[in-house]
Amino acid sequence: MNPSPSPDFALLSAVDITAFTGNLFTRTGSISAGLFTKKVYEDMITFLNGRGMSSGNDLPALLLASSNFGTIWHVGIDANDKVEVSSTHAFRIKFNSASTADGLTDVLGIGDSFVLYTGGATIGSPRLPYKVTAPYDWERGEIVAFSYIIEEVGSGTASFTWNFAGGAQDLIVACRARGNADIDDSAECLEAEDLIKHAGSDIRWYLDNNGHVKCSYVIAPDITWDNDDFRNRLGFTGSETVETVNFYSVITATHPAPGVLKPTRPYQASHLSVENVSQARRKISGGYTANYVGTYITTSLLFDLDARLDTVDLYRHFTDKFINFISEGERINFYQVWGDSRRTLISEDVNSDQPAHDLVYTSSRNGYEGRIRASLITKEYELAYPSNLRRRVPVRMRLEHL
């Protein structure tokens, strides 16, 4: 369960790249619109990274590559929503607080003291004989870097440091290998196409905690934009400066991504409404006959939109770069907890086939965490300030669940 009682949230539209043609940008090779056979993506996260990491850069693969003992390693989320690290060999693990990496945090929730293995793993295939369950909650949001010390226990004294740098969308995406073919996987995405054209490079595309597109890379040239409309669709101006973070080159879009709304405050209210649709007729003899059509669940959402006198100004981003992507009936994703990209799940759908938490679903707070996949059914927005101070504006939306 997310430890914050009032977490950040975000709203993301679908991404349609049908209108783009020709070369989009160039490093050594050109990324052209023709490389994408898929034209419509669930949202910007799916378009950028396919909700997974490239082969060898997912956390289980990186852990195995870092290790000097154990033949198989696995990292994932267990049924209690804690990080589980497992191995073929007995071990213990702790956060490497002595590391000097930029943005270093205890992403997994391990802590500064060694945590010793317990019994066999509960997740992963095959189920490995030794596991460590993180005692604390894992970190929601963008991953920048982490470092852990892992030591052999019992038959030897080997040890190694497991480092991660270069950034990732969140822990869920970092644990997932792109191309796993589950319901959230999109093997074709911007990151995948960029890597195909630049084999041997390490390139990451993702949204940061402010809703801006970020690209980090090593062993790859900087970007030259060939299509201004595509550049603008990602929020870049063409004047961004490349930074260096933990030996990675990093470029961050100046503006929030169009179709992405990431307010600075938690939402004010969110509740459900239910519509039961049927066709009913009274019988001559009394009583009714009915033809059930369906039950439709809607989230009614109230939040404050940041405006000119706030820490960021999203007022015109909302009117010009967000709402035009989600007209009535269009797809929208409501991330109830930003940094947890899993689908929401109600507790009554948990069973022997579907655990309460994994890398696709979370049932935290009985459906009030995770992302809600929906269609927007609001037509009009009155963006009136509640006072003469142009700081924030209350916004109401209705999202019909898919």
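The values are calculated or read from the model by the stated rules, or taken from the named source; none is laboratory data. All values derive from a computational prediction rather than experimental measurement. A quick note on method: Cβ atoms are made from the backbone with ideal geometry, for glycine too, and the neighbour counts reach across all protein chains shown.
Entry remark, the stretch 34-53: residues being part of a loop (DSSP other than H, G, I, E, B) and over 11 Å from Ala14 (Cα atoms) number 6 in total.
Test Leu399 against the stated conditions and say whether it is assigned to a strand (DSSP E or B) and closer than 19 Å to Ile45 by Cβ. Answer is yes for this residue.
Screening the candidates Ala192, Ala145 for the property of being touching a helix residue (DSSP H, G or I) at 6+ places or on another chain (Cβ under 9 Å) and either within 26 Å of Thr105 (Cα to Cα) or surrounded by 18 or more Cβ atoms within 10 Å (Cβ to Cβ) (or both) yields one hit, Ala192. Looking only at residues of the stretch 34-44 that are touching a strand residue (DSSP E or B) at 6+ places or on another chain (Cβ under 6 Å) and not aromatic (Phe, Trp, Tyr), we find that the one that is farthest from Val173 (Cα to Cα) is Val40. Where residues in the stretch 325-351 are more than 15 Å from Asn366 (Cα to Cα) and either modelled with pLDDT under 95 or touching a helix residue (DSSP H, G or I) at 6+ places or on another chain (Cβ under 6 Å) (or both), which of them is surrounded by the most Cβ atoms within 10 Å (Cβ to Cβ)? Filtering the stretch 325-351 for residues that are more than 15 Å from Asn366 (Cα to Cα) and either modelled with pLDDT under 95 or touching a helix residue (DSSP H, G or I) at 6+ places or on another chain (Cβ under 6 Å) (or both), the one surrounded by the most Cβ atoms within 10 Å (Cβ to Cβ) comes out as Ser341.
Within the stretch 241-259, how many residues turn out to be assigned to a loop (DSSP other than H, G, I, E, B) and buried (at least 18 other Cβ atoms within 10 Å of the Cβ)?
Going through the stretch 241-259 one residue at a time, the tally reaches 6.
The set of residues from the stretch 1-34 being over 23 Å from Asp304 (Cβ atoms), at pLDDT 95 or above and among the hydrophobic types (A, V, I, L, M, F, W, C) comprises Ala14, Val15, Ile17, Ala19, Phe20, Leu24, Phe25, Ile31, Ala33. All conditions in (1) of a type outside the set (Lys, Arg); (2) under 30 Å from Trp162 (Cβ atoms); (3) modelled with pLDDT of 95 or more hold for Tyr41, with the sole exception of (2). Residues that are part of a loop (DSSP other than H, G, I, E, B) and either hydrophobic (A, V, I, L, M, F, W, C) or under 19 Å from the mean Cα position of the chain (by Cα) (or both) within the stretch 350-366 comprise Val350, Ala356, Asp358, Leu359, Val360, Ser363, listed in sequence order. Considering Asp112, Asp102, the condition of being under 29 Å from Leu261 (Cβ atoms) and among the charged types (D, E, K, R) is satisfied by Asp102 alone.
Take the conditions (1) of a type in the set (Val, Ile, Thr); (2) farther than 25 Å from Ser4 by Cβ; (3) in contact with a Ser or Thr (Cβ under 8 Å, 6 or more places away or on another chain); Thr295 misses just one of them, which is (3).
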